Amino acid sequence: NQTFSIAMIGGDGIGPEVVAEARRVLDAALENEDATLRYTAYSLGTGHWLETGETLHDETLEKLREHDAILFGAVGADPQDKRIPSGVVERDLLLKLRFELDHYINLRPTRTYPGVSTPLAATDEFDFLVVREGTEGPYVGNGGSLRRGTEHEIATEVSVNTAHGVQRVVADAFNRAASRRGHITLVHKHNVLTHAGGLWRRSVEEHAARHPEVSWNYMHIDAATIHMVADPQRFDVIVTDNLFGDILTDLAGAVSGGIGMAPSASINGAGTAPSMFEPVHGSAPDIAGQGIADPTAAVLSAGLMLEHLGLNGAAGRIERAVITQLSEWAERSAGTALGTAERGDAYVSRIKTLTD
Ligand code: NAD
Ligand code: IPM
Ligand code: MN
């Protein structure tokens with residue numbers, strides 16, 4: 001029997017609500033497997049910060065390093081709550097985890113589900129994967145302000161792109177494309193951001209030369225938002241920087257049927273620290289505490305975690321349960337009215353009916 005040690009960070013708002021359902025679904029998926037997940041819950045987020053003044057203590061970070069994987073909900077304060085400055089938990093907790101644990105591959109798979117309607121005019125299916133760089137770009141915190149509060153204030157956030165950082169995520173994207181439909185789209189803005197854009201483009205050209213089985217094209221970020229709405233079938237693997245990838249994957253979530261169904265995996269590709277599995281969405285203060293958040297993104301992220309741990313049978317069961325359940329709700333036009341726990345219940349019972 002294999003045992004895996006999982007850190008659970010529910011976080012803020014709907015984070016703990018959706019992670020609780022993901023955990024129930026994980027347990028159901030592993031029921032007849034020769035594998036056990038042992039969970040350790042970490043109470044982190046704005047509540048912890050208000051109580052202790054700490055976001056992520058060094059000792060906690062060291063403990064987190066010992067786990068096989070991290071299941072993460074969401075963090076972020078309600079904008080109405082004036083006690084918590086913007087960015088405290090986003091930067092010093094979530095981004096600190098991604099940076100310290102070297103989550104340089106941020107995978108955000110996007111697909112349509114049979115029966116689930118999308119806001120797009122055409123109802124054709126699509127299935128693409130965004131490989132977002134996770135440790136560099138404008139997220140590094142390399143900024144500052146001069147003459148703050150004066151009319152001559154200058155604020156900067158310098159985007160850092162290293163050859164090492166770009167090469168490793170581009171290399172990963174090419175490998176993933178090779179085992180999918182064999183196409184990569186580099187999304188950037190090299191017509192304006194010539195230095196960083198040039199580095200990304202050269203890196204993609206070099207990898208393309210080594211991967212004759214993978215074709216590629218380039219798209220500016222602004223045009224990519226058009227094509228993602230007008231013709232998302234054209235994408236297989238998108239590789240892009242940290243900020244463009246952030247924005248593009250909220251759009252991807254929306255066009256695939258809803259942000260509540262968009263999973264992600266923050267991967268340490270070298271395996272030197274645990275990877276983290278989290279919905280694309282945030283803490284959704286507008287619906288927190290009402291029991292109405294869609295847990296599907298967290299459930300699918302948990303499925304990505306099982307796949308990462310090599311538990312492919314159980315991972316497949318989660319995916320199949322979600323797909324069949326979504327389509328059944330669609331047939332009955334029932335999905336939209338359901339609460340978080342009702343959806344979790346349905347996924348759990350659906351998994352129990354699956355025979356491999
Ligand atoms: P958000 O993703 O929390 O919410 C955007 C919209 O989507 C809201 O209308 C929300 O109700 C809806 N939504 C999100 N998840 C949903 C779900 N599972 N089911 C149904 N509806 C859902 O983004 P925001 O409002 O920009 O940010 C809120 C807070 O979350 C901020 O503090 C932000 O910094 C933080 N945030 C955290 C993460 C993260 O922890 N990974 C990601 C994004 C935003
Ligand atoms: C996401 C979130 C985070 C990001 C924030 C909360 C730091 O929006 O995971 O998409 O920008 O990466
Ligand atoms: Mn985001």
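Each value in this text was obtained by applying a stated rule to the coordinates, not by laboratory testing. From a predicted model like this one, the values you see are computed outputs, not experimental measurements. Heads up, the Cβs are rebuilt from the backbone with ideal geometry, glycines too, and the neighbour counts pull from every protein chain shown.
Among DSSP bridges having both ends in the stretch 118-256, what percentage is antiparallel? Round to the nearest 5.
Of all bridge pairs located within the stretch 118-256, approximately 25 percent are antiparallel.
For the chain, with the dipole built from +1 on Lys and Arg beta-carbon atoms and -1 on Asp and Glu ones, taken about the Cα centre, which of H211, A77, Q233 lies farthest toward the positive end?
Sorting the options by dipole projection puts first H211.
Pairs of alpha-carbon atoms within less than 8 angstrom and 6+ residues apart define the contacts here; what relative contact order does the stretch 118-256 have, in percent?
Computed over the stretch 118-256, the figure is 38 percent.
Taking θ as phi - 60°, what are the ³J(HN,Hα) couplings along the stretch 176-182 by the Karplus curve (6.51, -1.76, 1.60), each to the nearest whole Hz, with x for Gly and Pro?
Per-residue couplings from phi come out as 5, 4, 4, 9, 10, 9, x Hz.
Could you list V131, V192, V140, V214 in order of exposure, starting from the residue whose Cβ has the fewest other Cβ atoms within 10 Å?
Fewest to most other Cβ atoms nearby, the residues stand as V192, V140, V214, V131.
May I ask you to list the trypsin sites (Lys or Arg not before Pro) in the stretch 1-79 that are in a DSSP loop and have at most 10 other Cβ atoms within 10 Å of their Cβ?
Sites meeting the loop and neighbour criteria: none at all.
Can you put V169, V160, V204 in order of Cβ neighbours within 10 angstrom, beginning with the fewest?
Lowest count first: V160, V204, V169.
Which lysines, on any chain, are close to K96 with Cα under 26 Å apart, when same-chain ones fewer than 8 places away are left out?
Leaving aside lysines fewer than 8 places away in the same chain, those within reach of K96 are K63, K82.
How high is the relative contact order of the chain, in percent, with contacts defined as C-alpha pairs under 8 Å that are six or more residues apart?
With pairs under 8 Å counted, the relative contact order is 24 percent.
Shape of the chain from its Cα gyration tensor (a ≥ b ≥ c, root eigenvalues): rounded if a/c is under 1.5, otherwise prolate when a/b > b/c, or oblate?
Because its axes are fairly even, with a/c under 1.5, the chain counts as rounded.
Could you give the distance between the Cα centres of the stretch 335-355 and the stretch 249-281, to the whole Å?
21 Å
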